[in-house]
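Written out below as C-alpha cells is the structure these notes cover.
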Amino acid sequence: MFELRRLGASDLLVSPVCLGTMTFGQQNGEAEAHAQLDFAVSRGVNFIDTAELYAVPPAAETYGATERIVGTWLRRQRRDRIVLATKVVGAGRRLGWIRGGSPCLDRDNIVAAVHASLERLQTDYIDLYQLHWPERNQPMFGQWQFDPTNERSGTPIREQLEALKELVDAGKIRHVGLSNEHPWGVSEFLRQAREHGLPRVATIQNAYNLLNRVFDYGLAELCHRERVSLMAYSPLAFGHLTGKYLDDAGAPGRVNAFPGFGARYQKPGVPEAVAAYRALAREAGMSLTRMALSWIYHRWCVGSTIIGATSVGQLAENLDAWSGPLPTELIEAIDALHLRFTNPAP
C-alpha cells in the first residue's frame, strides 16, 4: 500500500502512482480496462486520471469512450475512496467533432464539458478538473520554441477561472488543475485566483521523464513555492524508456500502432539517450523500465506519476518499480547522463 500524498494546497489525498486511462476504448476494451482498474486499486492506487478527449489518439469514433468505460467501473465502487481526475478540451487543435467543432475554454464550453463528463462517468462530482492545454499560443506536444507570430485570441484566464468557480460552487467539481502548462500560465492562474477570489490551481499535469526534464527548468521552483503538485505523465516516454525500440524499431507499441503520434519522441538524440540510460540500468542490475519509473516515482518535485498500460501484466511491472528509491550514486549517474543528453524529447 502507498502512503497518500496531498495534492498542492487542496484536501485531495492521493496515491503517488495514478492510473492513466487513455488506452481504454482504443487499445483496451471494457473488460480489460476494468481488470486494470481493479488490479490498480488492489495494489493501493486510489487516483484515476482520464479526459473527455480520450481514447488517444483522438478521433470522433472514440471521443468520450474512455470516460464511459471508467464510468461503468466507477458506479460499482465506493465513490469516496476514489480520487477522479478528468480534463476539458481547449482550443487550438483540429477537433471538429467536439461541441459543434468549436471547443474552447469559455464559460459555455467548460460547463457543457463538465456536465457531459459527469454523465459519461456516472458520478455527481469530479475531484480534480483540469484544463487539458492552454487556449493561448504556446509550444506543446513536441514543439519546443515559443513563436509570437502564432498569437491568437482566446478566453481570458480570469473568465476561465470564473466558469470553474461556478462549477465548484455548484458541487460539480472539487478542485482545478492545469495540464501542458508553462511558467507564465501557472503564475497568471495563481495571480488571478488570488486577486479575484477564484479557485486556486492544485496541480499541473505535464510530461516528465528521463528524456524530458523541462519541468526542472523554472516550473519546479515555481510549483514548489506556490504549492502546486506535478502530475507527471509519459514516465516511460511512450515505451522508449523500456528500451524495446532499440532492439526492434518495429516493436509493438503505441509508437508503431499510431504513426506520427508522439512526435516529441521522434527527435534526433532520443535513441542515443535511451541507449545510454539502458546501459546505466544494466550496470546497476535492473531493467531500464524499473530505473526510469523508480527515478520519477521518488523525485522530490512529483506529486503523483501517471502510468498507463495495455495489460495487467504490464501494469504490475510498472507498480513493482515502486519498491524503493534509487541509490544516491545511481541518481548522480542519471544526472550526469542528463547533462550529456539534455532533454532530447521536450
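The values are calculated or read from the model by the stated rules, or taken from the named source; none is laboratory data. From a predicted model like this one, the values you see are computed outputs, not experimental measurements. So basically every Cβ, Gly included, is an ideal-geometry build from the backbone, and we count neighbours across all protein chains shown.
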Members of region 201-222 found to be surrounded by fewer than 24 Cβ atoms within 10 Å (Cβ to Cβ) and touching a Cys at 6+ places or on another chain (Cβ under 8 Å), listed by number: 215, 216, 220
Some residue of region 85-92 being surrounded by 18 or more Cβ atoms within 10 Å (Cβ to Cβ), more than 19 Å from residue 128 (Cα to Cα) and out of contact with any Ser or Thr (no Cβ under 6 Å at 6 or more places or on another chain): yes
Members of region 237-260 found to be among the aliphatic types (A, V, I, L, M), in contact (Cβ under 8 Å) with a residue 24 or more places away in the chain and either crowded, with 20+ Cβ neighbours inside 10 Å or in contact with an Asp or Glu (Cβ under 9 Å, 6 or more places away or on another chain) (or both), listed by number: 237, 241
Residue check for residue 214: in contact (Cβ under 8 Å) with a residue 24 or more places away in the chain and of a type in the set (Val, Ile, Thr): yes
Residues of region 41-84 that turn out to be surrounded by 17 or more Cβ atoms within 10 Å (Cβ to Cβ) and of a type in the set (Gly, Ala, Ser), as a count: 5
First in region 3-18 and surrounded by 14 or more Cβ atoms within 10 Å (Cβ to Cβ) and modelled with pLDDT of 95 or more, second anywhere and hydroxyl-bearing (Ser, Thr, Tyr) and outside any strand (DSSP E or B), Cβ under 8 Å, 6 or more apart: 4/15; 5/15; 16/297; 17/297
Region 297-309 residues that are within 20 Å of residue 328 (Cα to Cα) and β-branched (Val, Ile, Thr), paired with ones that are part of a strand (DSSP E or B) and at pLDDT 95 or above (beta carbon under 9 Å, 6 or more apart): 302/229; 302/230; 302/231; 302/232
Matching residues, region 2-26, being closer than 24 Å to residue 186 by Cα and among the hydroxyl-bearing types (Ser, Thr, Tyr): 10, 15
Region 310-346, subset small (Gly, Ala, Ser) and modelled with pLDDT of 95 or more, residue surrounded by the most Cβ atoms within 10 Å (Cβ to Cβ): 345
Filtered residues of region 1-12 (kept if over 23 Å from residue 71 (Cβ atoms) and either outside any loop (DSSP other than H, G, I, E, B) or among the aliphatic types (A, V, I, L, M) (or both)): 1, 4, 5, 6, 9
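Name the helices (runs of 4 or more DSSP H) wholly within region 16-132 that hold at least 2 residues that are more than 19 Å from the chain's Cα centre (by Cα) and of a type in the set (Lys, Arg)?
It comes to 107-121.
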Flag for residue 198 being modelled with pLDDT of 95 or more, crowded, with 17+ Cβ neighbours inside 10 Å and closer than 20 Å to residue 297 by Cβ: no
